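Have a look at the structure below before the remarks.
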Amino acid sequence: MNTQFLLQLLVNGLVVGTLYGVVAMSFVLIYKATQVVNFAQGELLLIGAWVCWTLLTKYQVPFWLGMPMTLVFMFAFGILVQVVILRPLIGEPIISVIMVTIALSAVFQAALKWIYGVNPQPFPRVFTSQSVTIGSLQIQTVYVMSLVVSVLMMLGMAWFFKVSKWGLAMRATAFNQQVAQSLGISVKTVFAMAWAISAMVSAVAGVVVAVVNGVSSGLSIYGIKVFPAVILGGLDSIGGAVVGGIIIGLLENFAQFVDSEYLHWGNLYEVAPFYVLIIILMIKPYGLFGTKDIERV
Amino acid sequence: MASPSLIPAGDFRTSYAVDTTIFPTTTGRNFAILGVVLICFAPQLLSEYWLSQMIVIGIYGIAALGLNILVGFTGQISIGHAAFFLLGAFTSAYISNKTPIPVFFAIPLAGIVTAIVGLIFGLPAARLKGLYLVIATLAAQYILIDFFSRAEWFSGGSVPAMAKPFSIFDYELRGDRKYFYVVLAYVVVSYLLVTNLMRSRDGRALVAVRDHYLSAEIMGINLTKYRTLSFGLAAFFAGIAGALYAHYQLVVSNEGFGIERSILFLAMVIIGGTGSIMGTLMGTAFVMLVPEAMEWISMELKGGVIDKALALNNNLTFLREIAIGLIIIAFLVFEPDGLAHRWRQIKTYWKLYPFSH
């Protein structure tokens with residue numbers, strides 16, 4: 001058994017997993033606050049990455065300025081999508097809402113390919129890439145950076161929901177919209193804010209992935225990988241999303257290890273999360289931390 | 001939703017059977033039969049290109065019909081329909097190549113195999129809400145496509161699988177002009193089957209599950225059974241359509257059956273009208289003709305300012321995807337009942353003409 005290789009893959013898994021966790025968190029944020037299952041989450045990631053890339057390469061904006069500009073753009077973009085497309089659908093059956101987000105993802109995906117082409121683009125060097133040696137492992141600094149950013153975002157999210165006024169308003173809305181409204185919370189604003197924040201968080205994750213791997217339409221696979229993560233963690237649990245994301249990231253890389261060492265099937269890395277997804281749906285459909293639905297008529 | 005159903009004066013329905021007939025009026029039935037007969041002349045009248053378009057519309061129409069049972073009548077979504085379509089195609093090619101079973105029987109067999117696989121994926125979500133089924137079918141899409149690219153004994157792996165041409169009793173139906181009748185027969189039979197299903201007890205049970213599943217369960221409808229059944233039926237029609245596609249193209253490959261194709265199937269159902277059987281065919285035709293329209297528009301604009309600015313010709317595939325996505329959104333927001341609803345309104349308008357108000 002190749003311990004060195006396994007460790008390396010597990011570190012990879014942790015880094016990718018925290019990113020999944022961040023994306024899953026922003027997915028759950030939208031689901032919890034607005035009951036919309038967002039199939040276009042991966043495209044939000046992609047849009048954030050491309051916008052930042054454009055600012056940095058086309059307009060030569062320095063990174064410390066380009067990143068906040070991207071965030072401002074994504075904030076506005078999230079609100080725009082919510083107000084223009086999803087607000088008219090409030091009260092429509094869940095199928096229509098899901099279909100709209102699926103269609104949105106198709107539109108964004110194609111539009112971005114149209115604008116930027118299908119070839120991946122390298123991201124401008126933001127950090128000088130070096131590798132840190134911990135024990136016998138070589139870890140690239142971008143990976144460390146990615147891990148740190150992800151953890152910071154998770155902590156930021158925790159602070160936001162536990163302490164800040166907006167976070168509390170959002171939780172109240174998720175709990176019961178009518179009660180929240182009677183307490184003076186504008187549910188409309190909360191819905192828009194949920195999309196805005198989710199878009200911003202996704203954009204940060206997108207830029208992080210882009211810095212590590214370059215920008216390409218393949219980035220939106222993060223939006224698909226989110227599903228195993230959130231189903232594992234429980235659809236409406238933010239903590240669960242983080243845990244689910246990390247587990248899926250580790251598992252993916254572990255599958256790759258098993259594959260390359262023993263099975264030699266090839267490509268197991270890509271599909272392993274989906275097998276897990278089916279198994280979870282069979283045995284524990286509400287995930288590890290999700291609330292069970294109890295229906296009252 | 002309320003469509004004004006206009007019954008001609010003096011046409012009283014005195015029994016339940018009469019009320020649920022497929023064609024409420026004799027004229028309607030005669031027109032439908034006339035329509036089918038006229039379409040039979042299509043191979044003689046249409047050009048090769050439009051004929052192949054019609055065949056493809058027919059094949060996709062069957063797959064979309066299956067999806068409409070799931071989406072429109074049972075209120076569940078599947079985004080793995082393209083994978084089931086492809087499974088049917090590979091299965092039929094496999095059966096007709098590796099066993100002595102003729103193509104004629106391989107097609108329905110492929111449908112049954114696809115239905116069984118569909119049931120396996122549908123089971124975990126059958127007891128849950130629609131959302132979980134969406135996610136399960138998403139997994140099915142990826143797992144199946146991965147399986148096709150891996151299983152060389154079944155699908156040929158990276159090499160496309162070959163399929164035999166359609167034949168009955170050593171009489172080969174090769175070429176568009178003959179194959180058209182095979183597809184037409186399948187389209188007519190499957191549309192009649194589904195229409196009949198929807199007026200039976202099982203069909204009404206599916207609709208009850210969609211409209212209020214708790215009430216349906218209290219009335220004694222077995223939710224798990226009917227959700228699984230509708231999922232199996234959807235997969236069955238996808239399999240049949242896939243098999244027809246395989247013996248039409250004579251070659252089956254993984255290419256182009258990703259999640260975008262599944263979204264295309266959903267588009268057909270939504271544009272046609274969820275829960276409308278004839279609407280499905282209209283929706284399919286609409287979706288298949290969008291690329292034609294786009295091509296025509298880009299030809300018209302060729303050389304103009306817009307063409308130069310946007311490089312339309314090089315990006316036609318992306319533009320088509322964008323157009324399909326935007327059309328889905330527009331239909332969901334502005335016309336949730338689809339083309340079928342519009343068609344009924346037009347019919348009503350002419351029935352009442354000139355007193356349409």
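A few comments on the model shown:
- Residue pairs whose Cβ atoms lie under 9 Å apart, separated by 6 or more positions or on different chains, with the first residue in region A:16-38 and within 14 Å of chain B (Cβ to nearest Cβ) and under 14 Å from A:PHE227 (Cβ atoms) and the second surrounded by fewer than 24 Cβ atoms within 10 Å (Cβ to Cβ) and aromatic (Phe, Trp, Tyr), are A:VAL37/A:TYR31; A:ASN38/A:TYR31.
- Residues satisfying the stated conditions in region A:250-266, i.e. loosely packed, with under 15 Cβ neighbours inside 10 Å and either within 13 Å of another protein chain (Cβ to nearest Cβ) or closer than 19 Å to B:ALA140 by Cα (or both): A:LEU263, A:HIS264, A:TRP265, A:GLY266
- Some residue of region B:106-128 being closer than 21 Å to A:ALA272 by Cα, of a type in the set (A, V, I, L, M, F, W, C), within 14 Å of another protein chain (Cβ to nearest Cβ) and touching a Pro at 6+ places or on another chain (Cβ under 7 Å): no
- Within the option set A:ALA40, A:ALA76, being of a type in the set (Gly, Ala, Ser), modelled with pLDDT of 90 or more and over 13 Å from A:ILE197 (Cβ atoms) holds for one residue only, A:ALA40.
- Top-ranked residue of region B:144-176 - restricted to ones that are over 22 Å from the mean Cα position of the chain (by Cα) and at the interface with another protein chain (Cβ under 10 Å from one of its Cβ atoms), ranked as modelled with the lowest pLDDT: B:ARG150
For every residue, the table says whether it meets (1) at pLDDT 90 or above; (2) on the phi < 0 side of the Ramachandran plot; (3) surrounded by fewer than 16 Cβ atoms within 10 Å (Cβ to Cβ); (4) part of a loop (DSSP other than H, G, I, E, B).
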position	(1), (2), (3), (4)
B:SER3	no, yes, yes, yes
B:ARG29	no, yes, yes, no
B:TRP50	no, yes, yes, no
B:GLY66	yes, yes, no, no
B:GLY75	no, no, no, yes
B:TYR94	no, yes, no, no
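- From the list A:VAL226, A:VAL242, A:VAL204, A:VAL208, the one residue that fits, being under 30 Å from A:GLY66 (Cβ atoms), more than 11 Å from the chain's Cα centre (by Cα) and buried (at least 22 other Cβ atoms within 10 Å of the Cβ), is A:VAL208.
- On inspection, A:GLY48 does not qualify as small (Gly, Ala, Ser) and either free of Cβ contacts under 8 Å to residues at least 60 places away in the same chain or within 20 Å of A:MET99 (Cα to Cα) (or both).
- Only residues that are surrounded by fewer than 22 Cβ atoms within 10 Å (Cβ to Cβ) and among the polar types (S, T, N, Q) were counted across region A:102-126, and they come to 2.
- Looking at A:ALA169, A:ALA192, A:ALA196, A:ALA174, just one residue is farther than 23 Å from A:TYR143 by Cα and without any contact (Cβ under 8 Å) to a residue 60 or more places away in the chain, and that residue is A:ALA169.
- Elements of type helices (runs of 4 or more DSSP H) contained in region B:297-357, each with 2 or more residues being at the interface with another protein chain (Cβ under 8 Å from one of its Cβ atoms) and modelled with pLDDT of 70 or more: B:316-334
- In region B:238-262, residue nearest to the other protein chains (Cβ to nearest Cβ) [restricted to those that are of a type in the set (A, V, I, L, M, F, W, C) and over 12 Å from the mean Cα position of the chain (by Cα)]: B:ILE259
- Of all residues in region A:78-103 being within 7 Å of chain B (Cβ to nearest Cβ) and touching a residue at least 60 places away in the same chain (Cβ under 8 Å), the one that is nearest to B:ARG320 (Cα to Cα): A:ILE102
- When the residues of region A:205-235 are filtered to those that are not in a helix (DSSP H, G or I) and not small (Gly, Ala, Ser), the one that is nearest to A:LYS113 (Cα to Cα) is A:VAL215.
- Yes/no for A:TYR269 being hydroxyl-bearing (Ser, Thr, Tyr), facing chain B (nearest Cβ under 10 Å) and either free of Cβ contacts under 8 Å to residues at least 40 places away in the same chain or more than 20 Å from B:PHE121 (Cβ to Cβ) (or both): no
- So A:ALA210, is it away from every other protein chain (no Cβ under 11 Å), farther than 18 Å from A:THR18 by Cβ and in contact (Cβ under 8 Å) with a residue 60 or more places away in the chain: no
The values are calculated or read from the model by the stated rules, or taken from the named source; none is laboratory data. As the structure is a computational prediction, the values presented were derived from the model and not from experiment. So basically every Cβ, Gly included, is an ideal-geometry build from the backbone, and we count neighbours across all protein chains shown.
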